[in-house]
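What follows is a single structure, written as structure tokens, with notes after it.
Nothing in this text is a laboratory measurement; each read-out follows from the coordinates by a stated rule. What you see is a predicted model; the values in this text were computed from it and never measured. Counting neighbours? That spans all protein chains shown, and the Cβs are built from the backbone with ideal geometry, glycine included.
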Amino acid sequence: MGGTSTIATLGDLVRVGYRLWAHCGRRECGHRADLDLEALVDRLGPDHSYLASDLVPRLRCGACGGREIGLSLLADRGYRDGASTGVGRGLKD
């Protein structure tokens, strides 16, 4: 029987098939995006934390450029079975 595993990094999210959504906190915008986790792993490394305090400073809204970003973790078991649904618009230089 399998034990419990800790999910602490971007690589862990990809491995278990979770999704990460970014939400713009600006009331006049409200944009949201399903982040492209594989692109984030390529850019930040698989051991980078997905926690808001570590990831949000690197994000901005793809629609308005705002920095007021919230994150939601989704346990989408079907995610790894198909093509990535991530749009990758949340990460900017």
> Amide H to amide H under 5 Å from Ile69: which residues, 5+ apart in sequence or cross-chain, H placed 1.01 Å off N in plane?
Replying inline: Gly25
>> Spelling out what I want: for every residue of the stretch 10-25, take phi, set θ = phi - 60°, compute 6.51 cos²θ - 1.76 cosθ + 1.60 (Karplus), and round to whole Hz; glycine and proline get x.
In response: 4, x, 4, 4, 5, 4, 8, x, 7, 10, 10, 9, 10, 10, 6, x
> In what sequence, highest mean first, do 62-69, 24-31, 10-17 appear when ranked by Cβ atoms within 10 angstrom?
Replying inline: 10-17, 62-69, 24-31
